[in-house]
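Here, each number is a calculation from the coordinates, and none is a lab measurement. Computed from a prediction, not measured in an experiment: that's the story for all the values here. Methodologically, a virtual Cβ is constructed for each residue, glycine included, from the backbone with ideal geometry; neighbour enumeration extends over all protein chains shown.
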Amino acid sequence: MTLDVNDIHRTNGLDAVRDIMDGARPVQPRKPERAVTASPFIAVDPAKLPARQCLYGRNIFRKYLHVTVAPGGVGKSNLAIAESLAMVACRNLLGQWVKEPLNVWYFNLEDPLDEIQRRYAAAIQHYGLKPEDLKGKLYIDSGRDQRLVMASIEKNRPVINEATSKAILAEMREKRIDVVIIDPFISSHAVNENDNVGIDMVAKEWARIADKANAAVHLIHHTRKASGDAEVNAESSRGGKALTDAARDVRTINRMTEEQGVEAGVDNHRRFFRVISDKCNLAPPAERSDWYCLESETLANGDSVGVVVPWSWPNQFDELTPERVLEVQKALAGQQKRKDVRADDWAGDTIATVFGLDTDNKAHKAKIKKWIAHWLKVGVLTEATIKDNKGKDRAILDRGEWQDV
């Protein structure tokens, strides 16, 4: 037990205190910290500057930290798995450019190893990859078999786990890892996720590892709870904003809405999602989202496993051949079919008959409405007004200029 001056005085008297004070060494002044200096700018020939090393698509760069933000259950882990296979095999599996065969370390901190292997097996089977495409380049681990805790709380302060950081860096250097994927970020530390100081410390440590390992670090991150089909963006990330602030690229994943599903004519809109870079400091912003779909792949053991595949938004006008459009004009010519979709004699029912569609089907109905708007704009159909049997004005559709065939 440490005694203070009062304890010594009570126990041994004033003289004992004086003896101690007489023998005390003077307090040494603290050495000043090294001064921060400003470095003068020296113009460099741009031709001699090293080019940024983009490894995959438009958003994975060597030496930088990247984050993907998505709600639960949308397919972010399956996407990360498919992307890792594309990088390792140097194959354009998802419509994204790949520079060269890469060494990838996928570390899933939630699922057991057999589930991770199951997902990889399904993706490998779907894309027809061979063992030699992956041998010696792909590394997978589960947090249930070995812990990965980059930082924790000690004496109420966030502290980096130096042993873990050094071990990860050493392993990446030894295995020559080009991209490490941590899924999910929240499970890679024990810091209060709402503490921006702590989260910034963890994010900066991952960025330091990316720099020292000459690799890309990709963190898969959850969104905070949101209602309904609220749009996910970089600001939707769970916990402290310091994570997305520290990343050079932040992708967001949004599930297809029910309305989009009707417009696209798909049966189950929840199988589809889109990805876009919501924050991109290393390349121009994307002009559009990349769409993907979860398809079911059946393994030899009978398990059905989801696999991410690229998906393109359908062209609603592909069916509009000149011959079909002429059929629509002939069917509507002089028939005084109503423009109002609520009318019993809506023109859309006639169009549905021509194309073999069903106006009770939401997707079919939405498609026909879009066609009508387009035809009115280009003059295939015209709008007129007639009086109904009650003398009220009613808008009808008639043919416009005959379609050339």
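For region 112-193, the set of chymotrypsin sites (Phe, Trp or Tyr not before Pro) satisfying both a DSSP loop assignment and a count of at most 16 other C-beta atoms within 10 Å is empty. Counting charges near SER165 (Lys, Arg +1; Asp, Glu -1) among other residues having Cβ under 14 Å from its Cβ returns a value of +2. Shape annotation for region 279-405: C-alpha extents along the principal axes are 66, 43, 34 Å, from largest to smallest. Listed by chain and number, the lysines whose C-alpha is less than 22 Å from the C-alpha of LYS166, apart from same-chain residues fewer than 8 away, are LYS63, LYS137, LYS175, LYS204, LYS212.
The share of C-alpha pairs in region 353-395 whose separation exceeds 12 Å stands at 69 percent. For region 332-405, the set of trypsin sites (Lys or Arg not before Pro) satisfying both a DSSP loop assignment and a count of at most 15 other C-beta atoms within 10 Å is given as ARG342, LYS390, LYS392. For the chain, the direction-averaged projected area of the alpha-carbon convex hull comes to 37.5 nm².
For the chain, adding -39500 (n - 2.57) for each run of n ≥ 4 DSSP H residues and dividing by the number of residues yields -10000 deg cm²/dmol at 222 nm. The lysines whose alpha-carbon is closer than 25 Å to the alpha-carbon of LYS339, local same-chain residues fewer than 8 away aside, are LYS330, LYS362, LYS365, LYS367, LYS369, LYS370, LYS377, LYS387, LYS390, LYS392. Once you mark the GluC sites (Glu not before Pro) that are in a DSSP loop and have at most 11 other Cβ atoms within 10 Å, what is the longest gap between them in the chain? Looking at the chain, 34-230 is the longest stretch - no exposed GluC sites (Glu not before Pro) with at most 11 other Cβ atoms within 10 Å. Loop only per DSSP, at most 16 neighbouring Cβ atoms within 10 Å: give me the trypsin sites (Lys or Arg not before Pro) in region 114-159, ordered by residue number. When the trypsin sites (Lys or Arg not before Pro) of region 114-159 are filtered for loop state and at most 16 Cβ neighbours within 10 Å, LYS135, ARG144, ARG147, LYS155 remain. Read phi for every residue in region 148-158 and hand back ³J(HN,Hα) as whole Hz from Karplus 6.51 cos²θ - 1.76 cosθ + 1.60, θ = phi - 60°, with x for Gly and Pro. Going residue by residue, I get 9, 10, 6, 8, 8, 9, 10, 6, 6, 10, x Hz, with x marking Gly and Pro.
Taking 15 Å as the straight-line reach from the Cα of LYS225, the aspartates and glutamates in range (excluding those fewer than 8 positions away in the same chain) are GLU193, GLU235. Counting neighbouring beta carbons within 10 Å and listing from fewest to most, the residues THR353, THR252 come out as THR353, THR252.
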